[in-house]
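The values are calculated or read from the model by the stated rules, or taken from the named source; none is laboratory data. Bear in mind that the values here come from a model prediction, so they are computed numbers and not experimental data. Note: ideal-geometry Cβ built from the backbone for every residue, glycine included; neighbour counts use all protein chains shown. Ligands, DNA and RNA are stripped out before the accessible areas are found, and what is left, the full protein with its side chains, is counted by its heavy atoms. Shrake-Rupley method; radii C 1.70, N 1.55, O 1.52, S 1.80 Å.
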Amino acid sequence: MTTTSPALDPEALTTTTLVHPATAEAQWWRSAVIYQVYPRSFADSDGDGLGDLPGITARLGHLTRLGVDALWLSPFYTSPQRDAGYDVADYRSVDPRFGTLADADALIEKAHRLGLRVIVDLVPNHTSSEHAWFQAALAAAPGSPERARYVFRDGKGPGGEQPPTNWRSVFGGPAWSRVTEADGRPGQWYLHLFDATQPDLNWENDEVRAELESVLRFWLDRGVDGFRVDVAHGLVKDQSFPDWGHRTDMVSGDDEDDAGHDPGPSPYWDQPGVHDIYRRWHQVLAGYDGDRCLVAEAWADTPEKIAAYTRPDEMQQAFNFDYLTTPWDATRLREAITDGLTASDAVGAPCTWVMSNHDVVRASSRLGLPETGKGPNGIGADDPQPDAELGLRRARAAALLMLALPGSAYLYQGEELGLPEHTTLPDEVREDPAFFRTGAAEKGRDGCRVPLPWEADAPAFGFSPTGATWLPQPADWGGFAVDAQKGVPGSTYETYRTALRLRRDFRLGTGSLAWVDGLPDCTAERVLAFTNRELLVLANLGAEAVALRDVEVLHASGPLGGGLDGEVLVPHDTTVWARLRRDDAERD
Ligand code: NOJ
């Protein structure tokens, strides 16, 4: 059954404008589409099964053909890879597994030549336990300047055998580990909000502040256009070190104790002092050419708290994960979009939109689960499996909705191919510390990190010349390969390309959103409809098709139907981009 709307009569619509058009269109980051490259899994040039910088450089054409503005590189620095590079042993060098500093320079240079900006990852909350500073801290005595760069404390109890607080690691287990002192006796404890191999730096320490500013300059001098700041909300800790025994869920930021109680304010997330650090960094970037940017990865519980990281004298962007974590529900998505835009608008910053990254189950699988939203922390062969067809259909609809929103959008590599999560990885190949620290209760993030398929008929689907891959690729990924989708009308890859071209042509990233209410039968429970510049964007999340009349369809996330009198039928879980009638556009 279908429902029919009359001609799109502007008088019959109620609109709410939420965002003033951006005034500074020249600032590229306000509207950029930024593609996340996960170096381990993008392209492997030397055949060892792990991606590398020359592999990325060789494949940059994929990004320009796709039509993105920038790439963000997850960490490629020297690291023992205990958390896939988010455990940095030396911030100023490239891990030999990924290449050399010269390779990084070549990548930046080629990207710029192709018109792509480059953002690199900065991990300031913690170092690797193999960082020279931590090794020096282990060798030094309690109370020494070497230990003062990290968060060392004496334990509780008569022999100091209890950790200083009950804080819990994001990856599971306690957030403190005890060291053995030089005399061979059990000694102090150090804090690690993540893995035990990721000791937290002490941001009360001036040397730490100076060092990370120097690292910023090191990469700015090499020409990078910005930094994605890892765990930006975690650097400053409440110096009274109160107990707070809750485990925080990555990305959603939800805090839980075993009884599901409201945890109250955290002593280490989103402390007011973090903002002083970013005001300083703002100045560091301003010393360059005024066009560099910082993007905060911060998990906070309201859009206003996230937007606080993007006040005019702080960062340029912060990830707004609400689009990713909100269930596939028209009313709730509209609320999330409205709240995100309103909060960022209030501080004059662009809103950001994210559907996927290297920490969550891929969107095309997540959206095929009975319960949508942030999804589980990994999926294994024994878990309920997603409905792949429904998930992909919804992911494409979600992508077209997202790419029509004003602000900046992030794509995670493979998203443009509709790549699903690897949901049946054997436990023996898993590397995510969350898998190990939860005693395998959580499968972890490896399933979204599997090497990309480039060519349907090549070894490792073209990821590596030898066929080696650090994680196995599902045997049926040939159909997702870039060469299998290129030039194929309606493929996910071509759907993204067209969307990015239209987004650019219509300057949607710097537009202004107005919700369209009043289309008959397009109730807010089923349909999201808005205009941005001359486009009408309609996403049908309901179970039944919706009919539109008197619109010129420019793009759709999937096949549309045709009805009587030129009606366009928008089926369930489908987004359509249409051109408003000329007189509508002039009113806008
Ligand atoms: C957030 C990163 O995205 C994630 O991959 C990493 O494990 C943690 N921060 C710790 O650095």
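Using a Förster radius of 51 Å, what is the FRET efficiency between residue 346 and residue 466 based on their Cβ-Cβ separation? Nearest 0.05, please.
Once the sixth-power term is evaluated, E becomes 0.45.
Restricting to the chain, compute how many DSSP beta bridges are antiparallel as a %, nearest 5. Spell out each step's value before the answer.
Numbers: 42 of 70 bridges.
Here the antiparallel bridges make up roughly 60 percent for the chain.
Determine the calculated [θ] at 222 nm for the chain from helices alone, applying -39500 (n - 2.57) to every DSSP H run no shorter than 4 residues and normalising by the residue count; nearest 500 deg cm²/dmol.
-6500 deg cm²/dmol, from helical runs alone.
Taking the Cβ-Cβ separation of residue 280 and residue 549 as r and a Förster radius of 60 Å, what is the calculated FRET efficiency to the nearest 0.05?
Efficiency at R0 = 60 Å is approximately 0.60.
Could you give the size of the charge dipole of the chain about its Cα centre, using +1 on the Cβ of each K and R and -1 on the Cβ of each D and E, expressed in debye and rounded to the nearest 20? Intermediate values should be presented prior to the final figure.
Details: 54 positive and 90 negative charges, 213 e Å.
Approximately 1020 debye in magnitude.
Using a Förster distance of 35 Å, how high is the FRET efficiency between residue 214 and residue 240, based on the Cβ-Cβ distance and rounded to 0.05? Numbers along the way, then the final one.
Numbers: r = 30 Å, r/R0 = 0.86.
According to the calculation, E is roughly 0.70.
Segment 391-492: which trypsin sites (Lys or Arg not before Pro) are DSSP loop and have at most 13 other beta-carbon atoms within 10 angstrom?
In loop regions of segment 391-492 (DSSP not H, G, I, E or B), the sparsely surrounded trypsin sites (Lys or Arg not before Pro) are 486.
Taking the DSSP beta bridges in segment 132-191 as the whole, what percent of them are antiparallel, to the nearest 5?
100 percent
Which whole-number percentage describes the relative contact order of the chain, with Cα contacts under 8 Å and a sequence gap of 6 or more?
Taking the mean separation of contacting Cα pairs over the length of the chain, I get 17 percent.
At a probe size of 1.4 Å, how large is the accessible area of residue 324, to the nearest 10 Å²?
For residue 324, solvent-accessible area is about 0 Å².
Extension gain residue 291-residue 222, at 0.36 nm per residue separation less the Cα-Cα distance, in nm?
My answer for the length gained is 23.4 nm.
State, to one decimal in nm, how far the label point of residue 329 lies from the label point of residue 100, with both points 7 Å from Cα in the Cβ direction.
5.5 nm
I'd like the distance between the alpha-carbon centres of segment 36-54 and segment 320-340, rounded to an integer number of Å.
When both Cα centres are located, 33 Å separates them.
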